[in-house]
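Take a look at the structure set out below.
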Amino acid sequence: MKKISLLGATGSVGTQTLAVIREHPDVFSVSAFAFGANIRKALPLIREFKPELIAVKNKAVADRLHIELSGNSKVVYGPEGMIEAAAYGPSDMLVNAVLGSIGLEPTLAAIEAGKTIGLANKETLVTGGHLVMEQAKRRNVPVLPIDSEHSAIFQSLQGQDKSAVTRLILTASGGTFRDRRRDELQDVTVADAVQHPNWSMGAKITVDSSTMMNKGLEVIEAHWLFGVPYDRIETLIHRESIVHSLVEYADHSMIAQLGVPSMLVPIQYAMTYPSRLELKQTKRLNLWEMGTLHFQKVDLKRYPAVALAYAAGKAGGSMPTVLNAANETAVDLFLDGKIRFLDIEPLVGDALDHHQIIASPDLDAIEEADRRTRAFVHSRIK
Ligand code: NDP
Ligand code: MG
């Protein structure tokens, strides 16, 4: 039995992780479970999966949850609570599906405790990729991708000569507004931006897909996961989301992973790696039903967020931390109705322009850059 610590259990990836566990109750169990504040969603899941340890956002949520649970599980809270859940002694693996750079410290704690890491939380690698990968190497802990593009690349690298990789190609749906020009995005609403054509995901990542900052973050994520330089990581618009990403080798062979869009597959692959299990909940891909697949170059003028992410990634040091913190803050402000959709990218660009780069930031320096960037973005909209 593989025991899982699950962060972000009430979210889009979290509930799909639980769906995988539900299909294989003899293979997986949930030992620790973390969420923010959504007790209504969490309660039936806690009753079903019976985690021994539960971590929530703050004391008020913990107190309310205690009353509901009548003392059957241990409840902890705050950032320390999430760290405790991530590194929980009996767990074999951390599935990190929390949202945002708050996932960094729990990931580092779980690596230190020797847990295998299944990582959906891309902000963790964008914010502190060098710390995560160094520590994972030192502790000899695998960091397995859950993000679908990275899972596709990881699958396409199995059994291959990694020194012969010439390009990683990340596919992108193009997001909600892919059929609109930039000048048609002036007045788009939050309700418009959180509709995705191919994937059902949390609000933040759906907005990130609309700006394609999501792909930019994924370029940085791929750099850290696979140790490939930025000039060998490319993006490609593929509107059907069937080819989940590709690897090109020295002989110009390309290996890709395909499937009907579903996060269940990459989640389960990280959890069963290197084995595979049946997954009844997903549909078989019949390529004859698709008929045609489309591919298109990414226009960096149409999607400036991708260019910002490459620039931050190439600059390195604390720049990706700033990119991520500025983007998280700007997207929050957009979702709260405080700024317009087209304000997101200039706010991120502004934060990068004003940041004094730190070459090899440690955890304290990263957290400081993250905090300052959030304050900076807020100061720009007053
Ligand atoms: P959601 O917004 O759906 O879920 C976020 C989860 O994090 C919820 O369980 C939420 O709890 C929890 N959370 C938020 N804030 C806190 C906090 N302060 N303390 C503890 N828990 C907190 O996000 P997604 O599932 O869409 O995304 C999760 C991660 O996975 C992101 O990094 C995203 O980029 C990545 N990802 C997502 C994909 C998808 O298909 N959704 C695909 C690939 C990657 P609560 O519900 O109580 O607020
Ligand atoms: Mg992805």
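Can I get the semi-axes of segment 1-91's equivalent ellipsoid? Compute them from the C-alpha gyration tensor as square roots of 5 times the eigenvalues, in angstrom, largest first.
19, 14, 12
What does the charge count near Glu234 come to, summing +1 for each Lys or Arg and -1 for each Asp or Glu among other residues with Cβ under 15 Å from its Cβ? Let's see the in-between values first.
Details: positive: Arg167, Lys215, Arg232, Lys297, Lys314; negative: Glu149, Glu218, Glu221, Asp231, Glu248, Asp299.
Summing Lys and Arg as +1 and Asp and Glu as -1 gives -1.
222 nm [θ] for the chain, helices only, -39500 (n - 2.57) per DSSP H run of 4+, per residue, to 500? Before the final figure, lay out each step's value.
Working: 16 runs with 177 residues, N = 382.
That comes out to -14000 deg cm²/dmol.
Scaled to the compact-protein estimate 2.2 N^0.38 Å, what is the alpha-carbon radius of gyration of segment 286-352, rounded to two decimal places? Please list the in-between numbers first.
Numbers: Rg = 16.0 Å, N = 67, 2.2 N^0.38 = 10.9 Å.
Taking N as the residue count of segment 286-352, the ratio is 1.47.
Which ³J(HN,Hα) values, rounded to whole Hz and listed in residue order, are derived for segment 357-365 from phi using the Karplus coefficients 6.51, -1.76 and 1.60 in 6.51 cos²θ - 1.76 cosθ + 1.60 with θ = phi - 60°, glycine and proline given as x?
Each residue of segment 357-365 in turn: 5, 10, 5, 10, x, 7, 4, 4, 5 Hz.
Which of Lys137/Lys162; Lys50/Lys280; Lys122/Lys283 have a Cα-Cα distance over 21 Å? Can you show the working numbers first?
Numbers: Lys137/Lys162 17 Å; Lys50/Lys280 24 Å; Lys122/Lys283 26 Å.
Pairs exceeding the cut-off: Lys50/Lys280; Lys122/Lys283.
With an 8 Å cut-off on Cα pairs and a minimum separation of 6 or more residues, tell me the relative contact order of the chain in percent. Don't skip to the answer; put the middle values down first.
Values: 704 pairs, mean separation 57.1, N = 382.
With pairs under 8 Å counted, the relative contact order is 15 percent.
Starting from the Cα of Lys57, draw a straight line to each of the aspartates and glutamates and keep only those under 14 Å, dropping any in the same chain fewer than 8 residues away.
List returned: Glu80, Glu84.
Between the alpha-carbon centers of segment 205-242 and segment 281-332, tell me the distance in whole angstrom.
Cα centroid to Cα centroid, the span is 4 Å.
Could you give me the ³J(HN,Hα) list for segment 313-330, computed from phi with Karplus coefficients 6.51, -1.76, 1.60 and θ = phi - 60°, whole Hz, x at Gly and Pro?
Using θ = phi - 60°, the values come out as x, 5, 5, x, x, 8, 4, x, 4, 5, 3, 5, 5, 5, 5, 4, 5, 5 Hz.
Rounded, prolate or oblate for segment 73-129? Axes are the square roots of the Cα gyration tensor eigenvalues, ordered a ≥ b ≥ c, and the cut-off for rounded is a/c under 1.5.
Values: a/c = 1.93, a/b = 1.32, b/c = 1.45.
Note, shape of segment 73-129 comes out oblate.
Which loop-located GluC sites (Glu not before Pro) does segment 235-311 contain, where loop means any DSSP state but H, G, I, E or B and the Cβ has at most 14 other Cβ atoms within 10 Å? Before the final figure, lay out each step's value.
Details: sites: Glu240, Glu248, Glu278, Glu289; in loops: Glu240, Glu278.
Within segment 235-311, the qualifying GluC sites (Glu not before Pro) (loop, at most 14 other Cβ atoms within 10 Å) are Glu278.
Would you grab the residues whose amide H sits under 5 Å from the one on Leu144? Only those 5+ places off in sequence or on another chain, please, with H modelled 1.01 Å from N.
When sequence neighbours closer than 5 places are left aside, the close amide H contacts are Ile117, Gly118, Leu119.
In whole Å and largest first, what semi-axes does the C-alpha gyration tensor of segment 105-188 yield when each eigenvalue is scaled by 5 and square-rooted? List each step's numbers first, then the result.
Details: eigenvalues 196, 75, 21 Å².
Values for segment 105-188, descending: 31, 19, 10 Å.
Stick to the Cα atoms of the chain, pair each with every other, and give me the Kirkwood hydrodynamic radius in Å at one decimal. Kindly include the intermediate steps, with their values, before the conclusion.
Values: mean 1/r = 0.0473 Å⁻¹.
The Cα-based Kirkwood calculation yields 21.1 Å.
Lys204: which aspartates and glutamates have alpha carbons under 14 Å from its alpha carbon, excluding same-chain residues fewer than 8 sequence positions away?
Lys204 reaches Glu123, Asp192, Glu328, Asp332, Asp336.
Order 178-184, 304-310, 144-150 from most to least packed using the mean count of other Cβ atoms within 10 Å. All intermediate terms of the calculation are to be shown ahead of the outcome.
Working: 178-184: 11.1, 304-310: 22.1, 144-150: 26.0.
The densest-packed peptide leads the list: 144-150, 304-310, 178-184.
Order by neighbour count: Thr373, Thr176, fewest other Cβ atoms within 10 Å first, most last.
Numbers: Thr373 25, Thr176 20.
Fewest-to-most ranking of Thr373, Thr176: Thr176, Thr373.
Laboratory data are not the source of any read-out in this text; all were calculated from the coordinates shown. Everything numeric here is computed off the predicted structure, so don't read it as measured data. Every residue, glycine among them, receives a Cβ derived from its backbone with ideal geometry; neighbour counts consider all protein chains shown.
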